[in-house]
């Protein structure tokens, strides 16, 4: 798995001639927008999880790690790739910097794959074994998993590239006949097989199997939820519904990752095993992979209401910390509030039974007063809201006591 600039997969020569001025301007504008969206979007994800108490969960630790990876890609790799693209695949900097640039590209792509792999395992235990989830997925294990992600990413990027384990006995980067330098990643068959199969295709197969089982069980649970009646049973399944929504969001993120990166790795494997590949195709699949880093924050906002609310508060420069009164209640506090409301409504319903015909006289009196010129619409709304509350209380009371 080598997410490097398009030229990293070039043949032996760079592009045929320099780009015109309007082509450079157009490419530069598009790539600048992509960089800004990538950086700003992933910064928003990190800030949203940091300042929103509802988003502070173990699952979102991996999401922050993924966003941090995409942020580094947008800051340390994509700008150099854009410059390299505009300059017709001529590397203007030193050879050492080129090797660091390629190593960073490989490392960040590997980290993205492993983060998504850990997310899929987290969702698997949250849906398959919700009662065992707190004992299986602990803060310590999450921290160890995140450390392993970055250690493995470093070992498959900087180590083989700087030791020239990925080449066919040639120099990693060389000078062209005109004295200008190109920056590309040399690959041999062993490196392609080990890197592509173990760090992309194998995790991809595991993630697909995991999400298939998750959706199969989620569908069965959804059927049970739809067949559930009564106030309290529905309230008890609200955490399960929340887990399903989180799973759908993360599955969409993984789906976008597959769409963006699978073409690249297919071309990468073909190039390492068979040789020459069309340069235009290489450019397209490479930048399609970079688009994925800008896509994840948009998917969070589109599919997850908590992220969408956090984004809105951040854009309005409103505090989202634990001291704000508008912070959403926890499940226990929400259930306590619901119980209190139910008790109040039951008291109202009991009063309603003792009132006999007084309720009708109240409505009649309110209607008569509404017909007089001195009566205003707000008073009528108040009376009607009160009567509706009494009616709702009576219905709820009948449902609870079977009367």
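No lab work stands behind these numbers, since they all come straight from the coordinates. Note that this is a predicted model, so its numbers are computed, not measured. Here the Cβ is made from the backbone with ideal geometry for all residues, glycine too, and neighbour counts use every protein chain on show.
By the beta-carbon count within 10 Å of each Cβ, the least crowded to most crowded order of 184, 24, 223, fewest first, is 223, 24, 184.
Counting neighbouring beta carbons within 10 Å and listing from fewest to most, the residues 89, 21, 162 come out as 21, 162, 89.
A full extension of the chain between residue 288 and residue 317 corresponds to an added length of 7.2 nm, given 0.36 nm per residue minus the alpha carbon distance.
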